[in-house]
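Below: the structure, in structure tokens.
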Amino acid sequence: MARITINGTPHDVDAGALLLDALAQAGAAVPHACHDPRLAPGGACRLCVVEVEGQGRPVASCAATVEEGMQVRTHTPALEALRRTNLALMAAHYPSQAAASEPSRPFHQLLAHYGVQAQDEPRHHQFRDDSHPYIGVAMDRCIHCARCVRICEEVQGQFVWETLQRGEHTHVAPGKGATLLEGGCVSCGACVDTCPTGALFDKRSPAVPETWTRTTCVYCGVGCQMDVASAGGKVVAVRPADHPTNRGHLCVKGRYAYEFNHAPDRVTTPMIRRDGAWREASWDEALDFIADRLRAIIAESGPDAVGVLGSARASNEENYLAQKFARVVLGTNNVDCCARVCHTPSAKALKAMLGTGAAANCFDDIEIAGAFLLCGVNPTENHPVVGARIRQAVLRGARLVVVDPRRTELAELADVHLALRPGTNVPLFNAMAAVLIEEGLLDQAFLAERVTGFDDFAAFVAAYAPERVAGDCGVSAADIRAAARIYAGAGAAMCFHGLGMTEHLQGTEGVMTLINLALLTGNLGKPGAGINPLRGQNNVQGSAQMGCDPATLTGSQLIKDAGPRFEAAWGCRLPATHGLDLLQMMDAARAGRLKALWAFGYDIYLSLANEAATRDALAGLDLVIVQDLFLNETARAFGTVFLPAASFFEKDGTFMNSDRRVQRIRGAVPPPGQAQPDWWIIQALAGRLGHAQGFAFDSPRAVWDEVRALWPDGAGLSYERIARESLHWPCPDEDHPGTPVLHQSRFPIGQTAALAPIGFVPTPETTDETYPLLLTTGRTLYHFNAGTMTGRTPNTALRPTDTLDMAPADAAQLGLADGEPVRVHSRHGTATLPLHVTAQVQPGQLFATFHCPELFVNRLTSTVRDRQVRAPEYKVTAVRVERG
Ligand SMILES: Nc1nc2c(c(=O)[nH]1)N[C@H]1C(S)=C(S)[C@@H](COP(=O)(O)OP(=O)(O)OC[C@H]3O[C@@H](n4cnc5c(=O)[nH]c(N)nc54)[C@H](O)[C@@H]3O)O[C@H]1N2
Ligand SMILES: Nc1nc2c(c(=O)[nH]1)N[C@H]1C(S)=C(S)[C@@H](COP(=O)(O)OP(=O)(O)OC[C@H]3O[C@@H](n4cnc5c(=O)[nH]c(N)nc54)[C@H](O)[C@@H]3O)O[C@H]1N2
Ligand code: SF4
Ligand code: SF4
Ligand SMILES: [Mo]
């Protein structure tokens, strides 16, 4: 604390605080127009000026820090007159009508408070753009405070807005294009959020919504906190919350892509398909129908003829109930979720080598790391708020290595971009390990205390010298060496990886090769380091962690270890047979052994690799229960019963994000029609099947308390605490501060971890004369997975369709033009997509997203799976392309 005197009265305020904040804290707030706590001080508007004893001129309190003994005057007549003059200058060219019609805008409040009249004088220059679906521009209201310029630079890192020209010609406009989007805008809305006047505004939101509700974003695993505005039972606006996870920032999906919630084709009534046609049913009819069919199937074929798929989009509480339903009500361990297809390889590799199958470090370490190693991950599009933080760190001087076949946005900024041939992660990371050893770039102390198996490993990777493998990987040996030196030389280097590592024949093993690098260089168990999978959906970490996995119970506890405790708590015996994972369920369905499947919040038909194989499997089932917001592709093609679910905007619970935080979701609007939260539906069905007991929770909080009782590392995460604190598990009791950084003094598997020699097993999916190109699939900023949600928002205007991305040289050789439809053939199927010619992909390679059901990119992908946990190889398919 520091003692300062404000207007003659002493006050104790935070030492080192911004003077502007300290004044507000002491009840002597001063006005400001250009200040935003997310930004470095601007000092431009001169409204926050105060008199400080000993300083000749008024001081901008937004740019000064508190000093012990300071004597400050905040509202002297001279200061107030100065403020009025400065405001009058800003108001000279300001439209009076705007000030009158939207009195709640901060700048308009200032004008009213100081009695300053807007003067409507004409302007020389004014940027106009009505083309963005979300961001409106009314630059006749611009006061040149530069907040939009600074937030785009300092928070998002996009550098779209610029203050152009000087004097009376000064105006704010995109510097690199005629419109916002041409100027590089990624539609995060940060500029709208900070603009004090409404010169930038949300086109689709009212200026003053009714109620605000704090919740967690439903899209990616970053887990941004946001405030949802509702009016008339509808979501009308979303704003970023100032919270450690996202620090007052959102991306376009969290900020703007909410209108799916009120889409006209939202399913709001249960439905049963009879004679090929969907007919509406009451909840009683639908639940009785399912209960009868399940009873009959279990009586005839046993409980292992049924499978349950939890949802990475639903809450922890709902996923907990789903796996409890499978194990207790049905009597099967056949339960899984879509973690299977993305980061189960990461979880498996991390758990096997270190003991915890989750990210080692937290997002706050981004600002500590000296270097980043990004492997097969595209955060500026897929985890944009983390992507922006990484970009800011790199702009401030952190080193960056990107390992990705494509020139992603972050690859553009990288010190070294290893544009490897898809499918060659294992030799590439083995080569980096070989360099670390050969060049002595090792953390000897860490190796001595925490690592075993060095000699065998060193002998093994010597065969992977960069000069030997670089050709096969499609990169230069010098670049592999440069990358290894950056990773080892940073003090603390943080590794993030994604599906470019996991969705391969060698997915799990690829991640193991990354863990080797961290062990060799001591980049584990300390801030700013770690191996960090960027988890996919809002709650994919939680879905598996709650036990939607055939081999583990809640808290990733192995059935063989924790089984007896669960049996005691649940009052029943656990199923004796091994469960099937999702891919094994598909195999069993094809073989006629699986008869029924309940999938909630997971469009498996569209999203699983190799449509033909998925179709064969799903077509063989007697009962397919789909529980979703929309009639998704699985429901359309194979559904027997459809149960309408409430969305995250409409229910309470928790999500678990990518850096192990458990965060609340809170209902902001009521569910439409008869839609019900997933937790209600699961309990209702359990009741029908004679298991009302054990499924009689009256709220998600009650479910969560049962989770905490069974999961030792989550025991301290009560609803009360997570409402106040941002906590990372392990958090074993209510006084525990949580664990942002894992493995600090030991690993859960013991004091040491062992290096893993991993030989290279190439994928059978190789190019030849008939299929000469390699297709890799993935994502884009504006759409999310199955597209059910973003496809029902104006994001479709920002990106209307999936495309097939091709290098200019290949397009020229094939005589294909940008935008024309092309047919893509693989050994497995055919799809037609519009061509997008781009230098982002290398010659010989292609990239496509899978967000459009009508284009159905998974008609092309193969049946190759990860050797250990069976994640499909979405990332490598040999194809041929011809005019469509
Ligand atoms: N906007 C948006 N955000 C999303 C999603 C979305 O659909 N849209 N989905 C969410 C989900 S479910 C997930 S799992 C995450 C996924 O997020 P990411 O892991 O970032 O996903 P992808 O875009 O599928 O793949 C990442 C990168 O892997 C590269 N790659 C392909 N093959 C290889 C290879 O052999 N080696 C290496 N090193 N790289 C390769 C691709 O070029 C691509 O840039 O995103 C989540 N966030
Ligand atoms: N070619 C190719 N295919 C891929 C991938 C790839 O990289 N390439 N990636 C794979 C990966 S990593 C993943 S995770 C999958 C994703 O595939 P999916 O999991 O199928 O996709 P999502 O769009 O995340 O959401 C699934 C469904 O959840 C519904 N939903 C949302 N909220 C709720 C809720 O609260 N309750 C209920 N009941 N339903 C809800 C949505 O409407 C949607 O239909 O795709 C995989 N498919
Ligand atoms: S558009 Fe808004 S935020 Fe940007 S300079 Fe003008 S008034 Fe400030
Ligand atoms: S970064 Fe992820 S969690 Fe944050 S707003 Fe975007 S989609 Fe939502
Ligand atoms: Mo995913």
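The values are calculated or read from the model by the stated rules, or taken from the named source; none is laboratory data. In this text, all values refer to a predicted model and were calculated from it rather than measured experimentally. Positions of Cβ are backbone-derived with ideal geometry, glycine not excepted, and every protein chain shown enters the neighbour counts.
Set side by side, the residues Ala490, Ala483, Ala445, Ala529 differ, and just one is of a type in the set (A, V, I, L, M) and surrounded by fewer than 18 Cβ atoms within 10 Å (Cβ to Cβ), which is Ala445. Under the condition of being out of contact with any Gly (no Cβ under 8 Å at 6 or more places or on another chain) and more than 7 Å from ligand 3 (Cβ to nearest atom), the residues counted in segment 135-162 number 9. For segment 803-859, filtered to residues that are closer than 30 Å to Ala637 by Cα and of a type in the set (Val, Ile, Thr), the residue that is nearest to the chain's Cα centre (by Cα) is Thr849. Close contacts from segment 201-228, counting a first residue that is touching a residue at least 40 places away in the same chain (Cβ under 8 Å) and among the charged types (D, E, K, R) and a second that is part of a strand (DSSP E or B) and more than 16 Å from ligand 1 (Cβ to nearest atom), with Cβ to Cβ under 6 Å and a gap of 6+ residues or different chains, come to Lys203/Gly136; Arg214/Asp227.
In segment 161-172, which residues are buried (at least 23 other Cβ atoms within 10 Å of the Cβ) and not aromatic (Phe, Trp, Tyr)? Val172, the sole residue that qualifies.
Give the residue, chosen from Gln627, Gln584, that is under 23 Å from Ala257 (Cα atoms) and in the same structural domain as Ala692 (by TED's automatic domain parsing). Result of the check over Gln627, Gln584: Gln627.
Considering each residue of segment 294-308 in turn, none proves to be touching a residue at least 24 places away in the same chain (Cβ under 8 Å) and either within 16 Å of ligand 5 (Cβ to nearest atom) or touching an Asp or Glu at 6+ places or on another chain (Cβ under 6 Å) (or both). The residues in segment 648-678 that are in the same structural domain as Trp598 (by TED's automatic domain parsing) and in contact with a Leu (Cβ under 7 Å, 6 or more places away or on another chain) can be counted, and the count is 0.
Checking each residue in segment 860-872 for being surrounded by fewer than 20 Cβ atoms within 10 Å (Cβ to Cβ) and either over 29 Å from Arg636 (Cα atoms) or in contact with a Ser or Thr (Cβ under 6 Å, 6 or more places away or on another chain) (or both) picks out Arg867, Gln868. Within segment 245-293, the set of residues being without any contact (Cβ under 8 Å) to a residue 24 or more places away in the chain and within 16 Å of ligand 3 (Cβ to nearest atom) is empty.
Condition first: more than 16 Å from ligand 3 (Cβ to nearest atom), of a type in the set (Gly, Ala, Ser) and under 24 Å from the mean Cα position of the chain (by Cα). Can you find one or more residues in segment 503-513 that meet it? Outline the logic, then answer.
Filtering segment 503-513 down to residues more than 16 Å from ligand 3 (Cβ to nearest atom) leaves 503-513.
Those left that are additionally of a type in the set (Gly, Ala, Ser): 507, 510.
Next, only the ones that are under 24 Å from the mean Cα position of the chain (by Cα) stay: 507, 510.
Checked against the condition, which is being more than 16 Å from ligand 3 (Cβ to nearest atom), of a type in the set (Gly, Ala, Ser) and under 24 Å from the mean Cα position of the chain (by Cα), segment 503-513 yields at least one hit.
Residues of segment 331-372 being within 16 Å of ligand 4 (Cβ to nearest atom), closer than 23 Å to Met546 by Cβ and out of contact with any strand residue (DSSP E or B) (no Cβ under 7 Å at 6 or more places or on another chain), which ones? Let's see the steps before the verdict.
At the first step, the residues of segment 331-372 found to be within 16 Å of ligand 4 (Cβ to nearest atom) are 342-343, 359, 362-364, 366.
Those still in the list that are closer than 23 Å to Met546 by Cβ too: 342-343, 359, 362-363.
Correct list: Cys342, Phe363.
For segment 590-674, please list each of the helices (runs of 4 or more DSSP H) lying entirely inside it that holds at least 2 residues being closer than 30 Å to Ala360 by Cα.
On the way: elements: 604-607, 611-619, 633-638.
In segment 590-674, the matching helices (runs of 4 or more DSSP H) lie at 604-607.
Scanning segment 197-225 for residues that are surrounded by fewer than 24 Cβ atoms within 10 Å (Cβ to Cβ), in contact with a helix residue (DSSP H, G or I) (Cβ under 7 Å, 6 or more places away or on another chain) and part of a loop (DSSP other than H, G, I, E, B) turns up just one, Gly198.
Looking only at segment 112-150, count every residue that is part of a loop (DSSP other than H, G, I, E, B) and either of a type outside the set (S, T, N, Q) or in contact with a Pro (Cβ under 9 Å, 6 or more places away or on another chain) (or both) and tell me the total.
Result for segment 112-150: 22.
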